[in-house]
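Colleague: To start, I am sharing the structure in question, which I have written as structure tokens.
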Amino acid sequence: MFLSLKKSIENLCDYTYNFTWQNNVIRPDDIIPSQTGTNYTFSDLVSELKKGKNVHISGNAGPGLGYSMGVNLKHFQGTGGIEKAGKLYIDGDVSSVMGMGMVSGTIYVKGNVEQPLGNVVEVTSDEPGFRKFRSITDILCNGTGKDVLIKNNFDEHKRKLILNDRILRGTIAARCNCDSFVSIEGNVYHGTGLLMQKGIIRITGDAGMNTGAHLDGGLIIVEGETGEFAGAYMKKGTIILKDAKGYAGANMKNGLILSRKKVKVSPPVEELDMTQSDAKMIIKNMGIGHVEALSYHKYGILKEKLIRMRDGSVIVRRVDEN
């Protein structure tokens, strides 16, 4: 499929269609503006990639290129899992947040790519004149194959990725469903670990908003400052924060947030009592002493409580029991 554009267009090959069910900015069947000689809709491009085919775009791409590329979205009666995707070629420049939430497929870009990036990392290109980008999640779980990372390191045997190129990225390891480790030597953008099921992410610098949003397993460690709404809609897993800001755990269903500083939460999330196992986890991952580890604050959903009976005995009862 070939598409020629007269001006930059946002949300091309965006599997969520800019979350059209939330804001109606674009609709899947809308014809893409400013194209010449064709009448392709936004969904035409996505459908082509979902078939494993190639999409060639001549011109510049605006923000949101390839959002959630490779995701079989539940909103469109999918499984929510990862599926194969084709190759996307951009013969021009690309604006910010390219590949946010992207889990498979390949993006080739001939021009410049604006930061922050999404869940992508650059590898050596097999297409002359184009830069090549792959999903971080895809590399963690499926390896690099014949590709070689540029300015970063990946140990395929250990599934260990070191991102030390100082490029700002968001949604790192989105939907990761394999045991793996990612270390980011520096700062990250929003949504680190989005919908992650397995794996460990360590951030040596600062993290943006929505760190661990919809987290469904694994561990996220932030050694710097963390923006608001960490652990929003979290279902499983653990987040360890050194310097958290504002609210955390909004609409949290399960899992744990361990924070050196107090954060604001709202019911049913509450501050829980620290345990020795919590302290050991913090000591292991933050490299601090036992006393300091016990000073951390623990947030989650209270599952059970002690009930003192009239005869003086104590029983443990689940909070959701009648």
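Just so it is clear, none of the values below were taken in a lab; they were calculated from the coordinates. Remember, predicted model here, so these are calculated numbers, not experimental data. With ideal geometry, Cβ positions are generated from the backbone for all residues, glycine too; neighbour counts draw on all protein chains shown.
Colleague: Within the stretch 273-287, is there a residue that is under 23 Å from Asn119 (Cβ atoms) and part of a loop (DSSP other than H, G, I, E, B)?
Modeller: No, that holds for no residue.
Quick grid of which residues meet (1) in contact (Cβ under 8 Å) with a residue 60 or more places away in the chain; (2) closer than 18 Å to Arg260 by Cα:
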{"residue": "Cys178", "(1), (2)": "no, no"}
{"residue": "Phe181", "(1), (2)": "no, no"}
{"residue": "Gln197", "(1), (2)": "no, no"}
{"residue": "Gly205", "(1), (2)": "no, yes"}
{"residue": "Gly217", "(1), (2)": "no, no"}
{"residue": "Ile220", "(1), (2)": "no, yes"}
{"residue": "Glu223", "(1), (2)": "yes, yes"}
{"residue": "Glu228", "(1), (2)": "no, yes"}
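Colleague: Next up: Search the stretch 114-135 for residues that are touching a residue at least 24 places away in the same chain (Cβ under 8 Å) and pair each with any residue that is part of a loop (DSSP other than H, G, I, E, B) and of a type in the set (Lys, Arg) when their beta-carbon atoms are under 8 Å apart and the residues are at least 6 apart or on different chains.
Modeller: Pairs found: Glu122/Lys151; Phe130/Lys110.
Colleague: In contact with a strand residue (DSSP E or B) (Cβ under 9 Å, 6 or more places away or on another chain), small (Gly, Ala, Ser) and free of Cβ contacts under 8 Å to residues at least 40 places away in the same chain: is that true of Gly59 in this structure?
Modeller: no
Colleague: Name the single residue, out of those in the stretch 106-148 being small (Gly, Ala, Ser) and in contact with a Ser or Thr (Cβ under 7 Å, 6 or more places away or on another chain), that is farthest from Lys50 (Cα to Cα).
Modeller: Here the answer is Gly118.
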